[in-house]
């Protein structure tokens, strides 16, 4: 009965609100910083196997360095990690093993077909501590303080709404939780043409955006396997 009465009060208050409140313009939607960059992943006809062949090959730095990357995350049994932009699920199995039966892996992607593949992969490999999640374009869709580690590998430059996405990550991490960002070095005159056209900004810009979102920079981890990528570690304030 109290709930019903509260609902009535809410409706009455809304109806009796000053006329000028109804005329106030709604806040404008945030603008994409790189319109169209994710169109291919949102395509309902996405061919997952084509991306497996592109992502999971030794010629790709991330694939070549995958064991060292997992080692440098320093995951502990019981940790809860979000693999943000999990793609084909390259890190799902090693993460699941690293956090153990008491830990958890949230494999998040905006591409439903990638999420579907990760679900099948987890089932085939009997990874009972993995939850595939279809993320939003500006929200990772995890509960507050539900993770200890957030991992973003070659994906931050795909954030169309970095401020909103970082806010959702900040909310999902526990205080003092770890955020790791791996991305492409974008250096005019040195980086490949593909990187210069595809990646919107360099390491310093991305780092500043992340710090402005409430994260504290800890260190840059140097990996011998990296020629084009960098590894930055932050903590949630």
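Got a sec? How would 165, 197 order by Cβ neighbour count within 10 Å, fewest to most?
In increasing order of surrounding Cβ atoms, one gets 197, 165.
Among 131, 195, what is the fewest-to-most ranking by other Cβ atoms within 10 Å?
Taking fewest neighbouring Cβ atoms as first place, the list is 131, 195.
Taking only C-alpha pairs under 8 Å that are 6+ residues apart, what is the relative contact order of the chain in percent?
Relative contact order, the chain: 16 percent.
First obtain the Kirkwood hydrodynamic radius of the range 33-236 from its Cα pairs, then insert it into the Stokes-Einstein equation at 4 °C and 1.567 mPa s, and state the resulting D in µm² per second as a whole number.
Approximately 76 µm²/s, per Stokes-Einstein.
Between residue 60 and residue 45, what length in nm is gained on full extension when 0.36 nm per residue of separation is reduced by their alpha carbon distance?
Here the segment from residue 60 to residue 45 would lengthen by 3.0 nm.
With just the Cα atoms defining each centre, how far is the range 197-237 from the range 158-179? Give it in Å.
Each part reduced to its Cα centre gives a spacing of 13 Å.
Consider a paramagnetic label point 7 Å from the Cα of residue 33 along Cα→Cβ; state which residues of the range 158-177 have an amide N under 20 Å from it.
158-173
Rule-based calculations on the coordinates, nothing more; no lab input. Worth saying up front: this structure is predicted, and the values here are computed from it rather than measured. Here Cβ is always computed from backbone atoms with ideal geometry, including for glycine, and neighbour counts include all displayed protein chains.
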